[in-house]
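Here the structure is laid out as structure tokens; the discussion comes afterwards.
The values are calculated or read from the model by the stated rules, or taken from the named source; none is laboratory data. Just so it is clear, the model here is predicted, and its values are computed rather than measured. Glycine also receives a Cβ, built like all others from the backbone with ideal geometry; neighbour counts cover every protein chain displayed. Accessible surface is based on the protein model in full, side chains and every heavy atom, while ligands, DNA and RNA are left aside. Shrake-Rupley method; radii C 1.70, N 1.55, O 1.52, S 1.80 Å.
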Amino acid sequence: MGRVVLVTGGAGYVGSHTVVELLKADHTVIVVDNCVNAAKATEGDGLPPALERVQKITGKTLTFHELSLLNRQALVNVFSKYKVDVVIHLAALKAVGESVEKPLAYYANNITGTLNLLEVMSEVGVKSLIFSSSATVYGVPQYLPADEKHPTGVGVTNPYGQTKYVCEQIMKDLAIADKDWRIVLLRYFNPVGSHESGLIGEDPNGIPNNLVPYISQVAIGRRPHVNVFGNDYSTPDGTGVRDYIHVVDLALGHEVAIAKIFQPDFTGAKAYNLGTGMGISVLEMINAFSKACGKEIPYKIVGRREGDVATVVASCALAEKELNWKATRGLDQMCEDTWRWQRLNPNGFS
Ligand code: UFG
């Protein structure tokens, strides 16, 4: 059944891919985004390019409002215009390193923004929410693969991670206090890849912080080589191991979460890991990307990056059991799809 879905941060990387899947599933989509981390519309009141392309991919239309969640009145105005069934809340600042330098910006945007959203939703009686959380809430994993019972908030090393943990806590408390709230917390592992059309993808501002966008910019010639942050970890090849998930699989996770939230017996706030359960090292990723783009990717081994851990891998059994969701796209497809996007859009959306 088609729902009216308001997506905060819907013009971004995960957001645009999620909106594609929502439109394909016949939901009505309203996007709000302040576009700090997404290309803006070229004309005053047009759509950001990522959302123009979402419409092209799906042949369907969506509604867009440029606004910050810090602007509470603007949020009230948007909610008064539509009969929203469920909110997917993705809007947040997300660069780990930057969060250490600008903690106040991170706490204000991610926590105050979320509080504004939850307050306005309460006032208008929209109490169904899917939240974009992160494996970062597990801190340094105490056991692997990390399942949803793993302690959270212990050893979280940066303000970005703290904001995700605190937002989860706020939502859990809210669901205890008011039984009408239905909340799904989706803990993403490492999203990579792009839509198969090559029309939308990750378009980081400045120097990419994350491995795959960095490799991709080396492959297209925008950067000379990849810096591999350490090869002395206790992993098979010494480089960091992560659970990379194709962004389309991740997007589909939001779609099934909507179905879950509207099941009559669903209550409270419930967390699900979205990953593949498969660990991939930095060198394995570089090799797979080389294969996908047909060129050598030059790299240099450099020192460890502060705050990194050897291995983070998800247990996704709960999502499989309760959401009937499982990632199906493998490493080769992650690299091929990233490369198609990069090759067709060497400078991203600009
Ligand atoms: N790496 C490099 N060189 C780079 C970038 C990364 O060697 O230029 C390595 C890292 O050391 C790590 C792996 O590649 O071993 C993945 O690093 P990313 O920066 O791509 O991803 P992280 O696992 O560090 O972080 C991601 C998200 C965070 C989130 C975290 C949760 O970016 O938002 O997963 O586990 F909090």
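Overview of results
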| quantity | calculated |
| --- | --- |
| When residues of the stretch 43-67 are limited to those that are in contact with an Asp or Glu (Cβ under 9 Å, 6 or more places away or on another chain) and in a loop (DSSP other than H, G, I, E, B), the one surrounded by the most Cβ atoms within 10 Å (Cβ to Cβ) | PRO48 |
| Qualifying residue in the stretch 168-181 (condition: within 15 Å of the ligand (Cβ to nearest atom) and either in contact (Cβ under 8 Å) with a residue 40 or more places away in the chain or farther than 21 Å from THR338 by Cβ (or both)) | yes |
| Some residue of the stretch 231-241 being in a loop (DSSP other than H, G, I, E, B), over 14 Å from VAL309 (Cα atoms) and open to solvent by less than 50 Å² (accessible area, probe 1.4 Å) | no |
| Selection from the stretch 291-300 of residues that are surrounded by 14 or more Cβ atoms within 10 Å (Cβ to Cβ) and either free of Cβ contacts under 8 Å to residues at least 40 places away in the same chain or near the ligand (Cβ under 9 Å from one of its atoms) (or both) | TYR299 |
| Unique match (being touching a Cys at 6+ places or on another chain (Cβ under 8 Å), within 10 Å of the ligand (Cβ to nearest atom) and modelled with pLDDT of 95 or more) among GLY240, GLY230, GLY275 | GLY275 |
| Matching residues, the stretch 80-116, being aliphatic (A, V, I, L, M) and open to solvent by 60 Å² or more (accessible area, probe 1.4 Å) | VAL96, VAL100, LEU104, LEU115 |
| Checking THR163 against (1) within 20 Å of LEU318 (Cα to Cα); (2) of a type outside the set (Gly, Ala, Ser); (3) within 15 Å of the ligand (Cβ to nearest atom); (4) touching a residue at least 60 places away in the same chain (Cβ under 8 Å), the condition it does not meet | (1) |
| Evaluation of PRO224 against (1) more than 30 Å from ARG3 (Cα to Cα); (2) more than 15 Å from the ligand (Cβ to nearest atom) (one fails), failing number | (2) |
| Total residues in the stretch 122-143, condition more than 12 Å from the ligand (Cβ to nearest atom) and over 16 Å from the mean Cα position of the chain (by Cα) | 9 |
| Residue list for the stretch 189-207, filter: open to solvent by less than 20 Å² (accessible area, probe 1.4 Å) and either over 24 Å from GLY59 (Cα atoms) or not in a loop (DSSP other than H, G, I, E, B) (or both) | PHE189, VAL192 |
| Checking GLU119 against (1) within 16 Å of the ligand (Cβ to nearest atom); (2) surrounded by fewer than 19 Cβ atoms within 10 Å (Cβ to Cβ), the condition it does not meet | (1) |
| Meets criteria (within 29 Å of VAL20 (Cα to Cα), in contact with a Lys or Arg (Cβ under 7 Å, 6 or more places away or on another chain) and either open to solvent by 20 Å² or more (accessible area, probe 1.4 Å) or not small (Gly, Ala, Ser) (or both)) for VAL184 | yes |
| Check on PHE266, more than 10 Å from the ligand (Cβ to nearest atom), assigned to a helix (DSSP H, G or I) and of a type in the set (Phe, Trp, Tyr) | no |
| Selection status of VAL313, under 14 Å from ASN190 (Cβ atoms), open to solvent by less than 30 Å² (accessible area, probe 1.4 Å) and within 9 Å of the ligand (Cβ to nearest atom) | no |
